[in-house]
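Enquirer: A single structure is presented below for examination.
The values are calculated or read from the model by the stated rules, or taken from the named source; none is laboratory data. As the structure is a prediction and not an experimental result, all values here were calculated from the model. Glycine also receives a Cβ, built like all others from the backbone with ideal geometry; neighbour counts cover every protein chain displayed.
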Amino acid sequence: MEIFRTRAEVHNYLNELRSPGRTVGFVPTMGALHQGHLSLIEAAKNKTSIVVCSIFVNPTQFNDKSDLENYPRPIEDDIRKLREVSCDVLFLPEVDEMYRSSDNWHIELDGLDIILEGEIRPGHYQGVTQIVKKLFDIVNPDYAFFGQKDFQQFMIISLMVKKLQMSVKLVRCPIVREKDGLAMSSRNVYLSEADRQNALALYKALTRAKTGFKDKSIAQVREEALDFLAASPGIEPEYFEIFNAETFQPAASKQEGTIIALVAARVGSIRIIDNMILTTK
Ligand code: PAF
(Lines give C-alpha, C1' and ligand atoms only; values in the text may rest on other atoms or scores of the structure.)
Protein backbone atom coordinates (compact mmCIF):
# COMPACT_ATOMS: atom_id res chain seq x y z
CA MET A 1 0.00 0.00 0.00
CA GLU A 2 1.32 3.42 -0.98
CA ILE A 3 0.97 6.10 1.70
CA PHE A 4 0.86 9.80 0.77
CA ARG A 5 0.73 12.78 3.06
CA THR A 6 0.38 15.64 0.57
CA ARG A 7 -2.43 16.47 -1.84
CA ALA A 8 -0.07 16.88 -4.78
CA GLU A 9 1.60 13.49 -4.31
CA VAL A 10 -1.62 11.47 -4.11
CA HIS A 11 -3.25 13.45 -6.93
CA ASN A 12 -0.28 12.99 -9.29
CA TYR A 13 0.16 9.32 -8.40
CA LEU A 14 -3.49 8.56 -9.18
CA ASN A 15 -3.40 10.58 -12.40
CA GLU A 16 -0.53 8.47 -13.63
CA LEU A 17 -2.37 5.23 -12.88
CA ARG A 18 -5.66 6.36 -14.38
CA SER A 19 -6.39 4.97 -17.84
CA PRO A 20 -9.52 4.08 -19.83
CA GLY A 21 -11.34 1.25 -18.07
CA ARG A 22 -9.29 1.64 -14.89
CA THR A 23 -11.52 3.08 -12.18
CA VAL A 24 -10.66 4.69 -8.85
CA GLY A 25 -12.74 3.81 -5.76
CA PHE A 26 -12.53 6.04 -2.71
CA VAL A 27 -13.33 5.42 0.96
CA PRO A 28 -12.98 8.61 3.04
CA THR A 29 -12.67 7.94 6.79
CA MET A 30 -11.58 9.52 10.04
CA GLY A 31 -9.66 6.40 11.02
CA ALA A 32 -10.18 4.18 14.11
CA LEU A 33 -11.12 1.62 11.48
CA HIS A 34 -13.50 -1.22 12.29
CA GLN A 35 -15.22 -3.92 10.27
CA GLY A 36 -17.72 -1.36 8.93
CA HIS A 37 -14.94 0.65 7.28
CA LEU A 38 -13.23 -2.51 6.05
CA SER A 39 -16.50 -3.60 4.41
CA LEU A 40 -16.40 -0.32 2.44
CA ILE A 41 -12.86 -1.13 1.26
CA GLU A 42 -14.11 -4.60 0.23
CA ALA A 43 -17.02 -3.08 -1.69
CA ALA A 44 -14.61 -0.67 -3.39
CA LYS A 45 -12.24 -3.54 -4.29
CA ASN A 46 -15.12 -5.48 -5.85
CA LYS A 47 -16.23 -2.55 -8.00
CA THR A 48 -13.11 -0.56 -8.91
CA SER A 49 -9.51 -1.10 -10.04
CA ILE A 50 -7.61 1.15 -7.59
CA VAL A 51 -8.83 1.61 -4.02
CA VAL A 52 -7.92 4.75 -2.11
CA CYS A 53 -8.70 5.27 1.58
CA SER A 54 -8.19 8.57 3.40
CA ILE A 55 -7.75 8.99 7.12
CA PHE A 56 -8.26 12.53 8.32
CA VAL A 57 -9.90 13.63 11.55
CA ASN A 58 -11.61 16.69 10.13
CA PRO A 59 -11.70 19.57 12.64
CA THR A 60 -14.43 21.56 10.85
CA GLN A 61 -17.08 18.88 11.42
CA PHE A 62 -16.62 18.82 15.21
CA ASN A 63 -18.67 21.34 17.13
CA ASP A 64 -17.25 20.09 20.42
CA LYS A 65 -13.53 20.76 20.95
CA SER A 66 -13.04 17.98 23.50
CA ASP A 67 -14.75 15.48 21.14
CA LEU A 68 -12.18 16.44 18.47
CA GLU A 69 -9.27 16.18 20.90
CA ASN A 70 -10.43 12.82 22.26
CA TYR A 71 -11.30 11.26 18.90
CA PRO A 72 -9.40 7.92 18.67
CA ARG A 73 -6.32 7.96 16.39
CA PRO A 74 -4.83 4.43 16.38
CA ILE A 75 -2.93 5.09 13.16
CA GLU A 76 -0.52 2.11 13.27
CA ASP A 77 -3.45 -0.31 13.75
CA ASP A 78 -5.36 1.40 10.95
CA ILE A 79 -2.44 1.03 8.52
CA ARG A 80 -2.09 -2.65 9.44
CA LYS A 81 -5.82 -3.25 8.86
CA LEU A 82 -5.73 -1.49 5.49
CA ARG A 83 -2.73 -3.59 4.42
CA GLU A 84 -4.58 -6.76 5.48
CA VAL A 85 -7.50 -5.94 3.16
CA SER A 86 -5.09 -4.95 0.36
CA CYS A 87 -6.08 -1.31 0.10
CA ASP A 88 -3.92 0.23 -2.66
CA VAL A 89 -3.42 3.80 -1.49
CA LEU A 90 -3.74 5.61 1.83
CA PHE A 91 -4.00 9.39 1.91
CA LEU A 92 -2.98 10.57 5.38
CA PRO A 93 -2.74 14.37 5.47
CA GLU A 94 -2.17 16.69 8.45
CA VAL A 95 -4.62 19.54 9.14
CA ASP A 96 -2.32 22.16 7.54
CA GLU A 97 -2.28 20.18 4.32
CA MET A 98 -6.09 20.27 4.05
CA TYR A 99 -6.88 23.74 5.38
CA ARG A 100 -5.50 27.21 4.73
CA SER A 101 -6.45 29.96 7.19
CA SER A 102 -8.39 31.71 4.39
CA ASP A 103 -10.72 28.74 3.82
CA ASN A 104 -14.38 29.70 3.67
CA TRP A 105 -17.17 27.30 2.92
CA HIS A 106 -20.92 27.35 2.78
CA ILE A 107 -23.16 25.23 0.62
CA GLU A 108 -26.94 25.50 0.52
CA LEU A 109 -28.22 22.06 1.53
CA ASP A 110 -31.98 22.67 1.29
CA GLY A 111 -32.35 22.47 5.07
CA LEU A 112 -31.09 18.87 5.29
CA ASP A 113 -28.09 20.06 7.30
CA ILE A 114 -30.12 21.64 10.12
CA ILE A 115 -32.39 18.74 11.05
CA LEU A 116 -31.71 15.62 13.18
CA GLU A 117 -27.91 15.35 13.52
CA GLY A 118 -27.54 18.83 12.06
CA GLU A 119 -29.81 20.33 14.71
CA ILE A 120 -27.88 18.68 17.54
CA ARG A 121 -24.46 19.34 15.97
CA PRO A 122 -24.75 22.80 14.35
CA GLY A 123 -22.32 23.26 11.45
CA HIS A 124 -21.45 19.55 11.34
CA TYR A 125 -22.62 18.95 7.78
CA GLN A 126 -21.04 22.14 6.46
CA GLY A 127 -17.76 20.73 7.81
CA VAL A 128 -18.44 17.30 6.32
CA THR A 129 -19.27 18.68 2.87
CA GLN A 130 -16.28 21.03 3.00
CA ILE A 131 -13.80 18.20 3.57
CA VAL A 132 -15.51 15.70 1.27
CA LYS A 133 -15.46 18.26 -1.57
CA LYS A 134 -11.74 18.86 -0.99
CA LEU A 135 -11.04 15.10 -0.88
CA PHE A 136 -13.09 14.44 -4.04
CA ASP A 137 -11.15 17.19 -5.85
CA ILE A 138 -7.83 15.64 -4.82
CA VAL A 139 -8.65 11.95 -5.43
CA ASN A 140 -11.07 12.50 -8.31
CA PRO A 141 -12.72 9.10 -7.75
CA ASP A 142 -15.08 7.34 -10.12
CA TYR A 143 -16.93 5.85 -7.14
CA ALA A 144 -17.01 6.81 -3.45
CA PHE A 145 -18.26 4.44 -0.76
CA PHE A 146 -20.12 5.44 2.41
CA GLY A 147 -21.84 3.45 5.15
CA GLN A 148 -25.60 3.57 5.66
CA LYS A 149 -25.02 4.12 9.38
CA ASP A 150 -24.56 7.84 8.66
CA PHE A 151 -27.63 7.89 6.44
CA GLN A 152 -28.14 11.65 6.74
CA GLN A 153 -24.49 12.20 5.76
CA PHE A 154 -25.03 10.02 2.67
CA MET A 155 -28.14 12.03 1.67
CA ILE A 156 -26.29 15.33 2.16
CA ILE A 157 -23.21 14.27 0.20
CA SER A 158 -25.51 13.01 -2.59
CA LEU A 159 -27.18 16.43 -2.64
CA MET A 160 -23.80 18.19 -2.79
CA VAL A 161 -22.63 15.98 -5.66
CA LYS A 162 -25.85 16.79 -7.54
CA LYS A 163 -25.71 20.55 -6.84
CA LEU A 164 -22.03 20.86 -7.80
CA GLN A 165 -22.50 18.52 -10.78
CA MET A 166 -19.63 16.31 -9.67
CA SER A 167 -19.05 13.17 -11.72
CA VAL A 168 -18.36 10.80 -8.80
CA LYS A 169 -20.93 8.04 -8.25
CA LEU A 170 -21.83 7.37 -4.63
CA VAL A 171 -22.33 3.86 -3.29
CA ARG A 172 -24.24 3.31 -0.05
CA CYS A 173 -23.11 0.18 1.82
CA PRO A 174 -25.07 -1.72 4.50
CA ILE A 175 -24.57 -1.13 8.22
CA VAL A 176 -22.20 -3.67 9.77
CA ARG A 177 -23.39 -4.85 13.19
CA GLU A 178 -21.85 -6.71 16.09
CA LYS A 179 -23.32 -10.21 16.66
CA ASP A 180 -25.87 -8.79 19.13
CA GLY A 181 -27.00 -6.03 16.73
CA LEU A 182 -25.05 -2.97 17.90
CA ALA A 183 -24.03 -0.93 14.85
CA MET A 184 -20.24 -0.71 14.57
CA SER A 185 -18.83 2.75 15.29
CA SER A 186 -15.41 4.17 16.09
CA ARG A 187 -16.94 5.65 19.24
CA ASN A 188 -18.07 2.26 20.63
CA VAL A 189 -14.62 1.77 22.19
CA TYR A 190 -15.57 4.45 24.72
CA LEU A 191 -18.62 2.57 26.02
CA SER A 192 -18.23 1.02 29.46
CA GLU A 193 -19.34 -2.60 29.72
CA ALA A 194 -22.69 -1.54 31.20
CA ASP A 195 -23.21 1.19 28.56
CA ARG A 196 -22.28 -1.30 25.81
CA GLN A 197 -25.21 -3.48 27.00
CA ASN A 198 -27.54 -0.49 27.41
CA ALA A 199 -26.68 0.71 23.90
CA LEU A 200 -28.46 -2.35 22.45
CA ALA A 201 -31.74 -0.52 23.19
CA LEU A 202 -31.28 1.46 19.94
CA TYR A 203 -31.11 -1.68 17.81
CA LYS A 204 -34.05 -3.17 19.75
CA ALA A 205 -36.12 0.01 19.24
CA LEU A 206 -35.40 -0.17 15.49
CA THR A 207 -36.25 -3.88 15.14
CA ARG A 208 -39.47 -3.39 17.14
CA ALA A 209 -40.36 -0.45 14.88
CA LYS A 210 -39.74 -2.59 11.80
CA THR A 211 -42.01 -5.37 13.13
CA GLY A 212 -44.69 -2.90 14.27
CA PHE A 213 -44.59 -0.95 11.01
CA LYS A 214 -46.69 -3.59 9.22
CA ASP A 215 -49.83 -2.99 11.35
CA LYS A 216 -49.38 0.33 13.16
CA SER A 217 -49.50 3.95 12.07
CA ILE A 218 -46.28 5.94 11.61
CA ALA A 219 -47.13 8.11 14.64
CA GLN A 220 -47.78 5.05 16.81
CA VAL A 221 -44.54 3.33 15.78
CA ARG A 222 -42.57 6.50 16.55
CA GLU A 223 -44.26 7.08 19.89
CA GLU A 224 -43.78 3.49 21.03
CA ALA A 225 -40.10 3.59 20.05
CA LEU A 226 -39.55 6.81 22.03
CA ASP A 227 -41.38 5.30 25.04
CA PHE A 228 -39.27 2.15 24.76
CA LEU A 229 -36.04 4.18 24.67
CA ALA A 230 -37.11 6.43 27.54
CA ALA A 231 -37.80 3.31 29.64
CA SER A 232 -34.46 1.68 28.74
CA PRO A 233 -31.78 1.93 31.43
CA GLY A 234 -28.88 4.31 30.78
CA ILE A 235 -30.44 5.78 27.62
CA GLU A 236 -31.24 9.44 26.99
CA PRO A 237 -33.10 9.48 23.68
CA GLU A 238 -32.45 12.47 21.40
CA TYR A 239 -34.68 11.59 18.47
CA PHE A 240 -36.48 8.70 16.82
CA GLU A 241 -37.85 9.80 13.46
CA ILE A 242 -39.50 8.06 10.56
CA PHE A 243 -38.46 9.55 7.23
CA ASN A 244 -38.95 9.06 3.53
CA ALA A 245 -35.54 7.64 2.54
CA GLU A 246 -35.63 9.33 -0.87
CA THR A 247 -36.65 12.89 0.07
CA PHE A 248 -35.24 12.84 3.59
CA GLN A 249 -38.40 14.45 4.92
CA PRO A 250 -40.70 13.05 7.64
CA ALA A 251 -42.78 10.25 6.12
CA ALA A 252 -46.41 11.32 5.82
CA SER A 253 -47.79 7.99 4.65
CA LYS A 254 -46.72 4.36 4.64
CA GLN A 255 -47.24 4.21 0.88
CA GLU A 256 -44.47 6.71 0.08
CA GLY A 257 -41.83 4.27 -1.11
CA THR A 258 -38.79 3.50 1.03
CA ILE A 259 -39.24 4.51 4.66
CA ILE A 260 -36.45 4.65 7.22
CA ALA A 261 -36.33 5.03 11.00
CA LEU A 262 -33.43 7.08 12.39
CA VAL A 263 -32.45 7.16 16.03
CA ALA A 264 -29.94 9.01 18.22
CA ALA A 265 -29.39 8.73 21.94
CA ARG A 266 -26.86 9.39 24.62
CA VAL A 267 -25.58 6.27 26.29
CA GLY A 268 -23.57 7.44 29.28
CA SER A 269 -21.44 10.24 27.86
CA ILE A 270 -21.37 8.81 24.30
CA ARG A 271 -23.78 9.70 21.46
CA ILE A 272 -24.92 6.76 19.38
CA ILE A 273 -26.81 6.88 16.09
CA ASP A 274 -28.40 4.07 14.12
CA ASN A 275 -31.08 3.55 11.49
CA MET A 276 -33.10 0.85 9.73
CA ILE A 277 -35.19 0.69 6.57
CA LEU A 278 -38.73 -0.19 7.70
CA THR A 279 -40.27 -1.03 4.35
CA THR A 280 -39.77 -4.41 2.75
CA LYS A 281 -39.40 -4.46 -1.00
O1 PAF B 1 -18.04 9.52 7.94
C2 PAF B 1 -16.92 9.97 8.24
O3 PAF B 1 -16.05 9.28 8.75
C4 PAF B 1 -16.62 11.43 7.97
O5 PAF B 1 -17.74 12.23 8.19
C6 PAF B 1 -16.04 11.69 6.56
C7 PAF B 1 -17.03 11.33 5.48
C8 PAF B 1 -14.77 10.87 6.39
C9 PAF B 1 -15.70 13.18 6.41
O10 PAF B 1 -14.74 13.58 7.36
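Enquirer: Quick check on this structure: which one of VAL168, VAL189, VAL176 is modelled with pLDDT under 95 and within 30 Å of ALA144 (Cα to Cα)? Reasoning before the result, please.
Expert: On the way: VAL168 fails: modelled with pLDDT under 95; VAL176 fails: modelled with pLDDT under 95.
One residue alone meets the criteria, VAL189.
Enquirer: Scanning for something within 13 Å of the ligand (Cβ to nearest atom), touching a strand residue (DSSP E or B) at 6+ places or on another chain (Cβ under 6 Å), part of a helix (DSSP H, G or I) and over 17 Å from MET276 (Cβ atoms), does the range 167-190 turn up at least one residue?
Expert: Yes, that holds for at least one residue.
Enquirer: Output the number of the condition that MET1 fails; it satisfies all remaining conditions of (1) farther than 20 Å from CYS173 by Cα; (2) surrounded by 13 or more Cβ atoms within 10 Å (Cβ to Cβ); (3) within 16 Å of the ligand (Cβ to nearest atom).
Expert: (3)
Enquirer: Going by what's in this entry, would GLU238 be described as at negative phi, in a strand (DSSP E or B) and touching a Lys or Arg at 6+ places or on another chain (Cβ under 8 Å)?
Expert: Numbers: at negative phi: yes; in a strand (DSSP E or B): yes; touching a Lys or Arg at 6+ places or on another chain (Cβ under 8 Å): yes.
Criteria met by GLU238.
Enquirer: Whether any residue in the range 204-211 is within 14 Å of the ligand (Cβ to nearest atom), at pLDDT 95 or above, within 28 Å of ASP64 (Cα to Cα) and of a type in the set (A, V, I, L, M) is what I want to check. Give the derivation first.
Expert: Taking the range 204-211 and keeping what is within 14 Å of the ligand (Cβ to nearest atom), we get none.
There is no residue in the range 204-211 that is within 14 Å of the ligand (Cβ to nearest atom), at pLDDT 95 or above, within 28 Å of ASP64 (Cα to Cα) and of a type in the set (A, V, I, L, M).
Enquirer: To continue, here is another question. List pairs: first residue in the range 143-163 and under 16 Å from SER186 (Cβ atoms), second residue among the small types (Gly, Ala, Ser) and more than 9 Å from the ligand (Cβ to nearest atom) anywhere in the structure, Cβ distance under 6 angstrom, at least six positions apart or on different chains.
Expert: GLY147/GLY36; LYS149/ALA183
Enquirer: Which of the helices (runs of 4 or more DSSP H) contained wholly in the range 25-110 include at least 3 residues that are in contact (Cβ under 8 Å) with a residue 60 or more places away in the chain and within 14 Å of the ligand (Cβ to nearest atom)?
Expert: Here the list reads 35-47.
Enquirer: Only one of these is in contact (Cβ under 8 Å) with a residue 40 or more places away in the chain, at negative phi and buried (at least 19 other Cβ atoms within 10 Å of the Cβ): LEU202, LEU229. Name it.
Expert: Working: LEU229 fails: in contact (Cβ under 8 Å) with a residue 40 or more places away in the chain.
Just a single option satisfies the conditions, and that option is LEU202.
Enquirer: Let me ask you something else. Would you mind finding the one in LEU82, LEU109, LEU68 that is modelled with pLDDT of 95 or more, surrounded by 13 or more Cβ atoms within 10 Å (Cβ to Cβ) and in contact with a Pro (Cβ under 7 Å, 6 or more places away or on another chain)?
Expert: Working: LEU82 fails: in contact with a Pro (Cβ under 7 Å, 6 or more places away or on another chain); LEU109 fails: in contact with a Pro (Cβ under 7 Å, 6 or more places away or on another chain).
Residue meeting the stated conditions: LEU68.
For (1) polar (S, T, N, Q); (2) closer than 18 Å to PHE145 by Cα, each residue gets a yes or a no:
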{"site": "ASN12", "(1), (2)": "yes, no"}
{"site": "ILE50", "(1), (2)": "no, yes"}
{"site": "SER66", "(1), (2)": "yes, no"}
{"site": "PRO74", "(1), (2)": "no, no"}
{"site": "VAL85", "(1), (2)": "no, yes"}
{"site": "VAL89", "(1), (2)": "no, yes"}
{"site": "PRO93", "(1), (2)": "no, no"}
{"site": "SER101", "(1), (2)": "yes, no"}
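Enquirer: Let me ask something else. Got a number for residues in the range 18-64 being at pLDDT below 95 and over 20 Å from the mean Cα position of the chain (by Cα)?
Expert: 4
Enquirer: While we're here: VAL128 fails exactly one of the following numbered conditions: (1) in contact with a helix residue (DSSP H, G or I) (Cβ under 6 Å, 6 or more places away or on another chain); (2) closer than 21 Å to MET276 by Cα; (3) of a type in the set (Val, Ile, Thr). What is the number of that condition?
Expert: (2)
Enquirer: Can you tell me which residues in the range 73-125 are more than 19 Å from PHE154 (Cα to Cα) and basic (Lys, Arg)?
Expert: ARG73, ARG80, LYS81, ARG83, ARG100
Enquirer: Going by what's in this entry, would GLU223 be described as assigned to a strand (DSSP E or B) and surrounded by fewer than 16 Cβ atoms within 10 Å (Cβ to Cβ)?
Expert: Numbers: assigned to a strand (DSSP E or B): no; surrounded by fewer than 16 Cβ atoms within 10 Å (Cβ to Cβ): yes.
So GLU223 fails the test.
Enquirer: Further question on the same structure: How many residues are under 15 Å from CYS53 (Cβ atoms) and in a loop (DSSP other than H, G, I, E, B) if we restrict to the range 1-24?
Expert: Residues flagged as under 15 Å from CYS53 (Cβ atoms) and in a loop (DSSP other than H, G, I, E, B) within the range 1-24 amount to 2.
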